[in-house]
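Accompanying notes for the structure given below.
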Amino acid sequence: MRQRTKTRRGRMTAALLAAAVAGSLMAGCSNGSGSGDGQGKGQTEPGDSPTSSAPPGSVLAVKIDNSATARPQTGLDAADVVYAEEVEGGLSRLMAVYATNLPDVVGPVRSARESDLELLRQFDEPTLAFSGAQSKLLPLIEKAPLHAKTPGNSADAFFRGSGKPAPHNLYLHPNKLLDSVPGAGALTTGYHYGAAPGGGTPEDSRTVSYPAARFTFTWSGSQHRWLVTMDGTPTVTNDGKRVTAATVVVQYVKVRQSQFRDFLGNNTPFTETVGSGKAQVLRDGRSYDANWEREKATDGTDFTTANGDRMNFAKGPVWVVFAKAP
């Protein structure tokens, strides 16, 4: 057992060193730029675990840049679930999860956060694609039950696009990481889809604000979808397609300081997604008060109505915006 542990540590150290060298050779991958990136001088590229290939049925999660410079994004409309979280300086970052459809390209891809590791525990050995992470976060990523994919260990899957400055121009070919889509069964989020519950309140628009970011969801009866707007600008993909959601979840969670800071000295918020609390679920042009519960990190999140019934989501893309609980 000691010999096996020693061997694994040696592999991990070698992977980290190789990844760090690879990261130093890539312009824009190893240099944090602008507030809210959380990388800076301590950033490097993590190595993958010895079991490098994702098992069948694993989702692909991609950290997506959400700064104004990064927009319009690519492949965001193909995600089954999009999580929005607060990062340094009150800005926002997205995590898009793909299970039923793999677009040709996704991006721009940016760095990982500590909160991502807890959030992703609900999936079975997910593949996490990101641009890099703080060096102090790398040991946590190495220990997490996921497959970390970066330009440092999967160079053929990433490329630099034109039209945006680095580091906002790193893109991913998902089919270089997954041979095929795992299917809806890989979405072990705890979400249930079906008919809307009774009650609810008519809702035309809902806005969720961070200190330096804003999300607005406007109901379109003709599309039967919520139209996504970020920071006051309609959200479209690089080909001009409007990004929409069938269900929007405003999930109120505890947001605390983590042990990490960005290169400007801003603390990285940690979003706690294990526990319980209140939520508001938007679907079919109505808003429903709900409760959420996730007892363990390996559990999905259960949503129930105010009277304890299961809260069904509308079939289609789900956007979850983590908001600080009052």
Original post:
Residues with beta-carbon under 10 Å from that of Lys176, excluding Lys176: net charge, scoring Lys, Arg +1 and Asp, Glu -1?
Top reply: -1
Original post:
Using +1 on the beta carbon of Lys and Arg, -1 on that of Asp and Glu, and nothing else charged, what's the dipole of the range 174-326 about the Cα centre, debye to 20?
Top reply: 200 debye
Original post:
Say R0 is 25 Å: what FRET efficiency, to the nearest 0.05, do Asp239 and Phe159 get from their beta-carbon distance?
Top reply: 0.90
Original post:
Tell me, in nm to one decimal, what length is gained between Ser222 and Arg286 on full extension, where the rule is 0.36 nm per residue of separation less the Cα-Cα distance?
Top reply: 21.6 nm
Subject >> Extension gain from Thr298 to Ser180, taking 0.36 nm per residue of separation minus the Cα-Cα distance >> reply: 40.1 nm
**OP:** Starting with the highest mean, order 310-323, 80-93, 161-174 by the number of other Cβ atoms within 10 Å, averaged over the residues of each peptide.
**Re:** 80-93, 310-323, 161-174
Original post:
For the range 90-178, with only Lys/Arg (+1) and Asp/Glu (-1) charged at the beta-carbon, what is the dipole magnitude about the Cα centre, in debye rounded to 20?
Top reply: 320 debye
Original post:
Protein chains only, probe 1.4 Å: how do Lys176, Lys63, Lys324 rank by accessible area, largest first?
Top reply: Lys324, Lys176, Lys63
Original post:
What is the distance, in nm, between label points placed 7 Å from the Cα along the Cα-to-Cβ direction at Thr69 and at Ala212?
Top reply: 1.2 nm
Original post:
So, by mean Cβ neighbours within 10 angstrom, what's the order for 244-252, 134-142 with the highest one leading?
Top reply: 244-252, 134-142
Subject >> Lysine pairs with alpha-carbon atoms under 21 Å apart, the range 152-309, spacing 8 or more or separate chains >> reply: 4
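The values are calculated or read from the model by the stated rules, or taken from the named source; none is laboratory data. As the structure is a prediction and not an experimental result, all values here were calculated from the model. We place every Cβ from the backbone using ideal geometry, glycine too, and count neighbours over all the protein chains shown. Note: areas computed on protein heavy atoms with side chains; ligands, DNA, RNA excluded. Shrake-Rupley method; radii C 1.70, N 1.55, O 1.52, S 1.80 Å.
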